[in-house]
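Worksheet: one structure, shown below.
The values are calculated or read from the model by the stated rules, or taken from the named source; none is laboratory data. Just so it is clear, the model here is predicted, and its values are computed rather than measured. With ideal geometry, Cβ positions are generated from the backbone for all residues, glycine too; neighbour counts draw on all protein chains shown.
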Amino acid sequence: MRLHLALVGSLIGGSLLSGCSSTTAGPETIDPPLTDAVRWYFPPTAGNEWETVRPRAAGFDSVALAAALDWAGTQQSTAVVVLWRGRLVAERYWSGWTANTAGPWFSAGKTVTSALVTHLAAQGRLSLDAPARNQLGTGWSRAPLAEPSITIRHLLSMASGLDDSLTFVTPPGTRFYYNNPGYYQLFGVLERASGQTVPQLAESALFSRIGMSRTTAIPSTDTGEPGFIFRGSARDFARFGLLMLQNGRWNGAVVLQDSASLAQARRWSGTDNQSYGWLWWLNGGASHRLPGPYVLPTGTGPLFPAAPADLVAALGKDDKKLYLVPSRDLVVVRLGDRAPVSGGLSPAAVSSFDNAWWTRLTAAMQ
């Protein structure tokens, strides 16, 4: 059955699973009808084995999907992974990357932080609606009058009301502002609530539980505040995406507690940005606000018009991407450098790559 990998490649004029050898593929490639009866699959937490599925069984036209992957290769991509119900539909690597290569996820890793925060809240170690200073101490900000009102929920939704110097601008909860120094305060919340360092907590609560063996939390001082970024492989990021689609469950086992909060993280947080949840970007909103100054106007329509309306995304600098499409049971990862289609700037999260990529992926969907 492993020979199916070579067969798929010959049928579409280029392997969708390039980079996979007989040691990285699963025990078989399935070709089921596209029905709800097909079970979800969870790759083993040890080793490189991963079950695959033919594109048409996952609702893709093989030729159009191969063309989309070819295009991604022209856009400074180093890795693309596409999962359907946990199985590999497509996997491509460029520039010397392999399934084992790890790189920084930058702000796309904010979603990992979100998951860890809601996990600790479910365990009763913190309250999302309690003041952040319960963990951080008085004086963590430069807004002494507003500080008692700034909750962990506000930090998760980028609505603390503070600017990059942690100075008061507007009452908390009223205005979305993509504030990285504010976000970095969540690492202090995690450490004080858990009694562990962020790397220890992430490894014990998440990474080791689902086989994210190539993912680590590494120190970062990019914002001037102490914090971390997550670094891992495309497959590891896909594992995390699969866990999120299952609201914290892995092959029947509860990994991250409080599935309701994990789901809520991927819904509108109630700020003036209908396209943002708790450190997740949302595609279905009637309007959106992007990273930028407080005075940045609100745009109309969804973030990515070409993508499914229920798509949610983890988005990071230099076009680091994790997309979830619940209606299609899809996880899509793209790692690499800034895509040429994104222009000369290096956006913090959203870029023109997203819609250009989903224009091609949507065209490949049957």
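Tabulated data
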| quantity | calculated |
| --- | --- |
| Answer residue from region 326-366, given it is closer than 20 Å to residue 108 by Cβ and hydroxyl-bearing (Ser, Thr, Tyr) and is surrounded by the fewest Cβ atoms within 10 Å (Cβ to Cβ) among those | 346 |
| Count of region 88-117 residues which are touching a strand residue (DSSP E or B) at 6+ places or on another chain (Cβ under 6 Å), in the same structural domain as residue 203 (by TED's automatic domain parsing) and of a type in the set (D, E, K, R) | 0 |
| Residue tally, condition farther than 16 Å from residue 118 by Cα and either in contact (Cβ under 8 Å) with a residue 40 or more places away in the chain or not assigned by TED's automatic domain parsing to the domain that holds residue 181 (or both), over region 275-287 | 2 |
| Evaluation of residue 272 against (1) under 23 Å from residue 350 (Cα atoms); (2) without any contact (Cβ under 8 Å) to a residue 24 or more places away in the chain (one fails), failing number | (2) |
| The lone exception for residue 209 - which of (1) at pLDDT below 95; (2) of a type in the set (D, E, K, R); (3) closer than 29 Å to residue 82 by Cβ it fails | (1) |
| Region 318-337, subset part of a loop (DSSP other than H, G, I, E, B) and either among the β-branched types (Val, Ile, Thr) or at pLDDT 95 or above (or both), residue farthest from residue 239 (Cα to Cα) | 337 |
| Single residue of 238, 217, 202 found to be outside any loop (DSSP other than H, G, I, E, B), over 18 Å from residue 122 (Cα atoms) and more than 13 Å from the chain's Cα centre (by Cα) | 217 |
| Every residue from region 161-215 that is among the charged types (D, E, K, R) and touching a residue at least 24 places away in the same chain (Cβ under 8 Å) | 163, 164, 175, 192, 209, 214 |
| Matching residues, region 74-99, being surrounded by fewer than 17 Cβ atoms within 10 Å (Cβ to Cβ) and under 16 Å from residue 357 (Cα atoms) | 74 |
| Considering residues of region 184-226 that are aromatic (Phe, Trp, Tyr) and under 30 Å from residue 43 (Cβ atoms) only, the residue surrounded by the fewest Cβ atoms within 10 Å (Cβ to Cβ) | 187 |
| Whichever residue in region 246-292 is outside any loop (DSSP other than H, G, I, E, B) and buried (at least 22 other Cβ atoms within 10 Å of the Cβ) and, among such residues, is nearest to the chain's Cα centre (by Cα) | 281 |
| Residues satisfying the stated conditions in region 272-296, i.e. at pLDDT 90 or above and aliphatic (A, V, I, L, M) | 279, 282 |
| Subset tally (residues that are small (Gly, Ala, Ser) and closer than 16 Å to residue 60 by Cα) for region 307-334 | 2 |
| Top-ranked residue of region 164-183 - restricted to ones that are among the small types (Gly, Ala, Ser) and in a loop (DSSP other than H, G, I, E, B), ranked as nearest to residue 264 (Cα to Cα) | 173 |
